[in-house]
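Taking it in order: structure first as structure tokens, then the write-up.
The values are calculated or read from the model by the stated rules, or taken from the named source; none is laboratory data. Owing to the predicted nature of the structure, the values given are computational and were not obtained by experimental measurement. Backbone-built Cβ (ideal geometry, glycine too); neighbour counts: all protein chains shown. To get the accessible areas, we keep the full protein, side chains included, count just its heavy atoms, and leave off ligands, DNA and RNA. Shrake-Rupley method; radii C 1.70, N 1.55, O 1.52, S 1.80 Å.
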Amino acid sequence: MRKVGIIGFGRFGEVLADILSVDYEVVISEPRDVRSKYQNISFSEVVRCEIIFVAVPIREFELVVKSLSKYNLENITIIDV
């Protein structure tokens, strides 16, 4: 099963994870301590997923994208929600 990562696990990130979990293994990267049925992994681990959804508030978006740019993201699809 393909692995999908979600950066940010607010209300939308949680709904997105539930939808995607039907067809994908879903992991999340959320700095807050959250209860979830999904594994919460570090930012440096989530960039190993084939597909990454960025589900953060707009005020945090630029910081997340700059942080992502530090990694080799060849052949990885990044989707802004």
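Pop out the ³J(HN,Hα) list for the range 63-77 in order, Karplus 6.51 cos²θ - 1.76 cosθ + 1.60 with θ = phi - 60°, rounded to Hz; leave Gly and Pro as x.
Per-residue couplings from phi come out as 4, 5, 5, 4, 5, 5, 5, 7, 10, 7, 10, 4, 6, 10, 9 Hz.
Step through the residues of the range 23-30 one at a time and calculate ³J(HN,Hα) from phi using the Karplus curve (6.51 cos²θ - 1.76 cosθ + 1.60, θ = phi - 60°), rounding each to whole Hz and writing x for Gly and Pro.
Ordered by residue, 3J(HN,Hα) equals 10, 9, 7, 10, 10, 10, 10, 9 Hz.
How large, in percent, is the carbon and sulfur part of the accessible surface of the chain at a probe radius of 1.4 Å?
50
Stokes-Einstein D for the range 31-70 at 25 °C, 0.890 mPa s, Kirkwood Rh over Cα pairs, in µm²/s?
Answer from the Stokes-Einstein relation: 213 µm²/s.
Give me the distance in nm between label points sitting 7 Å out from Cα along the Cα-to-Cβ direction at PHE12 and ILE79, one decimal.
Placing both labels 7 Å along Cα→Cβ, they lie 1.3 nm apart.
With each label point set 7 Å from Cα along the Cα-Cβ vector, what nm distance links ILE58 and GLN39?
With each label point 7 Å from Cα toward Cβ, the separation is 3.5 nm.
Where only protein heavy atoms count, and the probe is 1.4 Å, what is the accessible area per residue for the chain in Å²?
It amounts to 68 Å² per residue over the chain.
When Rg and Dmax of the Cα atoms in Å is calculated directly from the model, which label among (i) 12.2, 34; (ii) 12.1, 41; (iii) 11.5, 33 fits?
Correct label, based on the coordinates given: (iii).
How big is the dipole moment of the chain about its Cα centre under a simple scheme where the beta carbon of each Lys and Arg is +1, that of each Asp and Glu is -1, and everything else is neutral? Debye, nearest 20, please.
160
Amide H of ILE6 versus every other amide H placed in the peptide plane: which residues, excluding those fewer than 5 positions away on the same chain, fall under 5 Å?
VAL27, ILE28, SER29, PHE53
List every residue whose amide H lies under 5 Å from the amide H of VAL34, counting only residues 5 or more places away in sequence or on a different chain, with H placed 1.01 Å from N in the peptide plane.
Excluding prolines and chain starts, which carry no amide H, there are no hits.
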